[in-house]
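Here is the structure we will look at, set down as structure tokens.
Values in this text are rule-based calculations from the coordinates and carry no lab data. The shown structure was predicted, so the numbers you read here are calculated from the model rather than taken from an experiment. A quick note on method: Cβ atoms are made from the backbone with ideal geometry, for glycine too, and the neighbour counts reach across all protein chains shown.
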Amino acid sequence: MTMNQEYNDKTSFNRICPECGVGNPEDADSCIVCDKDLSETLLFFEDDFYDIELTSELLIEYRKNFYRTRRTGKDKKYFIAEIKDIKFGHPIKRFSFKYKGKKEVYALKEDNYNSLKELFKKIGIIYELEVE
Ligand SMILES: [Zn+2]
């Protein structure tokens, strides 16, 4: 085995930076490209119409353009503490909640839907969990 192979076996760049989309080593504290603090990110995934990031304080939606090829630069930030009425739809994988009196709905891919639901359970913020 060459040194290079060994390096590749041990280091995976699977930790996608929510800010710029670059893959970082699993143990990176901050992004190698844009320097975003990655230790704050509890969950990040890419879906069809948006990318979603969850930190301990915020749920952030990074909106994608119509062709889903890049981000529009329009982000929506929700303070977790102000998110009410969280619902995970079934059988349609939809995640919805109320924020400042307005209902927000996100259709998610199954994997993303499951990771989000699991994380919400784990950190104890779906005490209001309902299936609709
Ligand atoms: Zn970055």
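Remarks
- Output for region 100-122, where each listed residue is in a strand (DSSP E or B) and under 18 Å from the mean Cα position of the chain (by Cα): GLU104, VAL105, TYR106, ALA107
- If you go through region 24-46 and keep only what is near the ligand (Cβ under 8 Å from one of its atoms) and within 21 Å of TYR106 (Cβ to Cβ), you end up with nothing.
- The residue of region 50-70 that is farthest from LYS109 (Cα to Cα), among those that are touching a residue at least 40 places away in the same chain (Cβ under 8 Å) and more than 14 Å from the ligand (Cβ to nearest atom), is SER56.
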